[in-house]
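The values are calculated or read from the model by the stated rules, or taken from the named source; none is laboratory data. Quick caveat: nothing in here was measured; it's all calculated off a predicted structure. A quick note on method: Cβ atoms are made from the backbone with ideal geometry, for glycine too, and the neighbour counts reach across all protein chains shown.
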Amino acid sequence: MNDTDALLGPWLQRFLTHHLVIERNLSRNTCKAYRDTFKLLLPFACVQLGKQDYQLAVADLSAELVRRFLAHIEDERGCCAHTRNQRLTTIRAFASFVASHDPGHVAWRGQISGIASKKTTSKPVPWLTVDEMDALLDVPDRTTRHGRIEHAILLFLYKTGARVSEATQLRVGDLQVGRRDGGHALVTLHGKGGKLRQCPLRPEIERVLIELIDGRAADDAVFLNRRRQPFTRFGVYWVVERCAAQVPALAGRKITPHVLRHTTASHLVFAGVDINTVRAWLGHTSIDTTNIYAEISLKMKAEAMALCDVPGPAPGRHWKEDRDLMAFLNSY
């Protein structure tokens, strides 16, 4: 192994630009998440080791340094254990990549892999009731052009369960609406890793989209802002958060485009749609990801059944009066 092979920079560039993009075919947003971990780790390592970033070697990212980095992002940056574990997963993936191409780093990879993840508690999935969703959809002023666009964005996210990236990448040519052959209206969504999936469109959202794209070219973005530019991720987030802030029932709750995606899935499950269909609808690779919505449905059904429970017969006497039982417990 020469000095160049030992340097961190070339390995990191190859990992981010070739391995993640070409070999694993990860989405642009996922690659950015991997990159962000090293944007935090490298400056931390430079300060700890007194080196410049171009001087860092792979071995400099020792298990002890990584542990200090993880403690740093929790204690000083205020990150939660879930974020800490995500950063660790990225570093492990990088270590596995390096070791798979250079056996000289296998021992180092083993030390990195030995860093334990922290136990986390799963947060309840946030979603909106039908009344809350209707109130959110009523916020945009549909007498104005921009209000109609904002309403279309909210309705599209809800009716399709699309990710925010899928909405911003949507082109007029991805829509099959106003069909004269009697076929169902459809939208083609460009999901993670370049995967495509089609989602049916209900008449309500079909009518809104037909009006929105009238006279537009197939390559045009469907959702355009006030400056006639395609909406960005941040623009869609701003629309959802601003509209949610005007719904009294949602006061104090953080409503994002992903909450609308959860809402779509939850409402599908409540309507009796089988979980595998919901998985395909959302574009999940694994059914395990979608099972969280089935758990929500079961919890709600259990709560509803509890309201219908018939009280059982009253006990004949209080347990404290059962002297034989207490005598048994005292002598056990």
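Six or more apart or on different chains, Cβ under 7 Å: which pairs go from a residue in the stretch 1-29 that's closer than 22 Å to G104 by Cβ and surrounded by 15 or more Cβ atoms within 10 Å (Cβ to Cβ) to one that's at pLDDT 90 or above and not hydrophobic (A, V, I, L, M, F, W, C)? Could you list them?
D5/D102; L8/D60; G9/Y54; L16/Y34; L16/R35
Yes/no per residue for (1) assigned by TED's automatic domain parsing to the domain that holds T263; (2) surrounded by 15 or more Cβ atoms within 10 Å (Cβ to Cβ); (3) under 27 Å from H267 (Cα atoms):
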residue: L61; (1), (2), (3): no, yes, no
residue: R68; (1), (2), (3): no, no, no
residue: I73; (1), (2), (3): no, yes, no
residue: H101; (1), (2), (3): no, no, no
residue: K118; (1), (2), (3): no, no, no
residue: D138; (1), (2), (3): yes, no, yes
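Looking at the stretch 142-155 only, could you name the residues that are under 24 Å from the mean Cα position of the chain (by Cα) and not β-branched (V, I, T)?
E150, H151, A152, L154, L155
Filter the stretch 118-141 down to residues that are at pLDDT 95 or above and outside any helix (DSSP H, G or I) and give me whichever is farthest from the chain's Cα centre (by Cα).
Restricting to residues being at pLDDT 95 or above and outside any helix (DSSP H, G or I), the top hit is D141.
Would you call L128 under 29 Å from V259 (Cβ atoms) and surrounded by 19 or more Cβ atoms within 10 Å (Cβ to Cβ)?
yes
Can you list the helices (runs of 4 or more DSSP H) found entirely within the stretch 144-238 that contain at least 3 residues being out of contact with any Lys or Arg (no Cβ under 7 Å at 6 or more places or on another chain) and surrounded by 15 or more Cβ atoms within 10 Å (Cβ to Cβ)?
Passing ranges, in order: 145-160, 203-213.
Quick check: is even one residue across the stretch 199-220 more than 18 Å from L186 (Cα to Cα) and in contact with an Asp or Glu (Cβ under 9 Å, 6 or more places away or on another chain)?
No; the residues of the stretch 199-220 include none that is more than 18 Å from L186 (Cα to Cα) and in contact with an Asp or Glu (Cβ under 9 Å, 6 or more places away or on another chain).
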